[in-house]
Structures are given as structure tokens and as C-alpha cells.
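A.B. asks: One structure follows; several queries about it will come next.
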Amino acid sequence: MSSSFFDNSNIDPQLLAMDPAQRILERIQQRSRINDDDDDNGLPPSSDAFVGFGSERSETSTSLATYGNLVKRRFGLKDQPAGELDQFCQTSSAEERQVLLYAQILQLNARLKDNEKVDTHYTIPAVLETSIKLYAIAFLLCHRTVAFRGSNAASHILNAMREESVKGLPNEKDVGHNNIVLRALRDKLTYFRNILKSKIKQSLKNGSSTRNIASLTNAIISKLDGIEPTLQLYMRIAYLRFCMINYGDLSDDAFWIKADQTLHAWQRAADTQTELSQILSHVYHEDTAMYGKPEDTEYTTVDLSSLAAWQVTLGRHAAKVQASKKRTFEEMSGTNGVDERQVENGAGDIQV
């Protein structure tokens, strides 16, 4: 059996001192020289997306307007939001900017109060409830998802559902009913994340029937109509198992945030999507070296090109989701309705 990052023997002591995610990058850089020698020590850049304005980026400070342009590109701001940020950056004093911020807080508070005035008699149709479950789990398993617990994930999923003309969706202008749908999506995302984490944790136990990545993936998707196993899905599950091995002692929120931060750091360290795929492929092959190869099981995969149209659409929207460093206001104010005890010890199935 080949050496693996799961086994600390025969590993350079300097590598052992690194975070496991950084260790993966260092070993890949040593073996295949994926990246140029841009970094002094071969480690990925800091996981922070930006250094705060006012920090020393170079010998000269970056202007507020220039930094505003960086922020617009980072968060994909266009049209009216981009114009409003430009106006904010052009204000002449900190006091003016504080007034603008307070005005926006008041505006947001007013909108939240309006959104609370929803139709309490509205019930999500059964056909839509089924689609919500399917899209939520498909998002978490999608090979293009870059943030399992990303900010506004529910909104991007809803956009994909609307593009696919999913039956039962409320009118786009019906804010109250759409908020109920978004809340249901957030609830299902949380629920399925808990089950995913539980099933992956169970696979690591001695004697587990799902130690092989193919068996684990089949256990996850066996009751999901329309989601087929692909090599990319195996790689995605292997990545989550890597996170479970190294960060599994973190709480549910902290675990998924760490998983997103690690994936984001690897993205930044890779110059291209191909190089990121090489990193994930390395994790996958280390997993199969430790727990067995898929070809040793009865399970087979399908080609990525065979994905259904709705999954392609969902993948395009999933790629837009940004990682969240903490719980969003919507998550904290929503009624989650998920009892984590339901998914302890591997309980619960992923089904729609």
C-alpha cells in the first residue's frame, strides 16, 4: 500500500507542522510543480479574500476608489449596486460614509419588516417541496459547487429552479412566498449537510461497509432519483472525507466553513481550473489508496456529459455562490427546524 497523507509515517517533519490542507499543496508542488514559484515557501495565499482597506498592501496605499473596484470584481457587483458603491467611495469624509451606511441599515430594516408580512396561510405545494429537496442535495453534491455553506446559496439555487421552470414556484414578484421557499431551501441545505457529515463520519469506522469511496457515494445517492455517480462526485466525497479526517472535531458550522475555506485556498493556489482538479484528484487517489479503489466494488460511474440539463443549470448557478465565514442573518433569523440528533450515528437517509 502506498504512502498516504492519512498516515504520518515517512512524512517530512516540516510538512507535519503544516495545516493538512497546506500539506497537500506542498506535496503536490514538490511532485508535479503545479504552481510557479510565486510563493516564498510554496504555501497557498492567505484564505482572506482581501486585506482590509487601510492595510499596507505595498509601499503606497491603495485609494478608496481603486479598492472599491476590487470589491466590485470580487463580489460581482454590476449596474445599480456597482454605481451605489462608486458613490459611496466618492464621498469626501468618513462622516458622510457613516450616514450612508446608517441609511442603508434603515432601508434594510424596513424591507425586513415588509418581508415579515407574509401570507401565513401559504403552504409550499408538494411538487415544489420535492424539487426543493432534490435541488438542495444536488447543490451539495455538484462538482461545480465551490462553497458547501456559501452565503446566498439558497438564492442561487432558487434562480436555477426558476430558470428550469420548476413547477409550483411562486411568482417572482411575490416576496413573501418566495421568502418561505428560500427558508425551506436553507432548512434542507442544513439538514442534508448534517446527514452528509454523519455518513462520512460513519464510513471511517473500522469495519464500515462504506469505507470504499464508491460504496460511500452509493449510500449517499442510492435513494436520489436523477443523481448518478460520476468520477467528479467521487472526488467531491473524497474531499469531504479528507476534511472529516482533519477537521471532524469542529462543530457543524465550523466544519463546513473550514471545508469552504480550504477549497477556496486551493482555488487561489491553483492558476487554472485544471490545476485545482489535479489537487482534488490527488486527494481522491490518496483516499482510494487507503480505503480501496472503486473498481473493486460492484458500482460504476457515468460520464459527466450525461448529466441532465437541470443539473447543468444548477452547476452554473452553484459556481456563483461565495463562501461564508459566519452564519448569515437569514440563517439566524429563520426557523431551521433541524434536530441534529436525527442524524447522529448515521441515522437518516438522503431522499426526496
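Please treat every number below as a calculation from the coordinates, not as lab data. No experiment lies behind these values; they were computed from the predicted model shown. Don't worry about glycine lacking a Cβ; one is built from the backbone with ideal geometry, like all the others, and counts go over all protein chains shown.
A.B. asks: Would you mind ranking THR66, THR274, THR217 so that the residue whose beta carbon has the fewest other beta carbons within 10 Å leads the list? Walk me through the intermediate numbers first.
C.D. replies: Values: THR66 12, THR274 9, THR217 25.
Arranged by neighbour count, lowest to highest, THR66, THR274, THR217 become THR274, THR66, THR217.
A.B. asks: Quick one: which residues, 5+ away or cross-chain, put their amide H under 5 Å from the amide H of GLN322? H built at 1.01 Å from N.
C.D. replies: So GLN322 has HN proximity to SER151.
A.B. asks: Provide the packing ranking of 235-244, 161-170, 176-185, 88-97, i.e. peptides ordered by the mean count of other C-beta atoms within 10 Å per residue, highest first. Display every interim value, and only then the final one.
C.D. replies: Values: 235-244: 22.6, 161-170: 16.1, 176-185: 19.0, 88-97: 11.6.
Highest-to-lowest ranking by the protection proxy: 235-244, 176-185, 161-170, 88-97.
A.B. asks: Using the Kirkwood radius built from alpha carbon pairs, what does the Stokes-Einstein equation give as D for region 126-346 at 4 °C and 1.567 mPa s, in µm² per second? Walk me through the numbers on the way to the answer.
C.D. replies: Values: Rh = 17.9 Å.
Stokes-Einstein gives a translational diffusion coefficient of 72 µm²/s.
A.B. asks: Along its principal axes, what span do the Cα atoms of region 92-195 show, with the longest given first and each in whole Å?
C.D. replies: Its Cα atoms span 50, 35, 26 Å along the three principal axes.
A.B. asks: Which entries of LYS167/LYS320; LYS78/LYS258; LYS113/LYS167; LYS78/LYS320; LYS72/LYS188; LYS205/LYS293 show an alpha-carbon separation above 20 angstrom in the structure shown? Kindly include the intermediate steps, with their values, before the conclusion.
C.D. replies: Working: LYS167/LYS320 24 Å; LYS78/LYS258 29 Å; LYS113/LYS167 28 Å; LYS78/LYS320 14 Å; LYS72/LYS188 31 Å; LYS205/LYS293 18 Å.
Violating the 20 Å limit, Cα to Cα: LYS167/LYS320; LYS78/LYS258; LYS113/LYS167; LYS72/LYS188.
A.B. asks: Taking other Cβ within 10 Å of each residue's Cβ, how do GLU298, GLU129 sort, fewest first? Walk me through the numbers on the way to the answer.
C.D. replies: Details: GLU298 8, GLU129 16.
Neighbour counts put them in this order, fewest first: GLU298, GLU129.
A.B. asks: A further question on this structure: Towards the positive end of the charge dipole of region 243-304, with charges on Cβ (+1 Lys, Arg; -1 Asp, Glu), say which of THR272, LEU304, ASN246 has the farthest Cα.
C.D. replies: With unit charges placed on the Cβ atoms, the residue in question is THR272.
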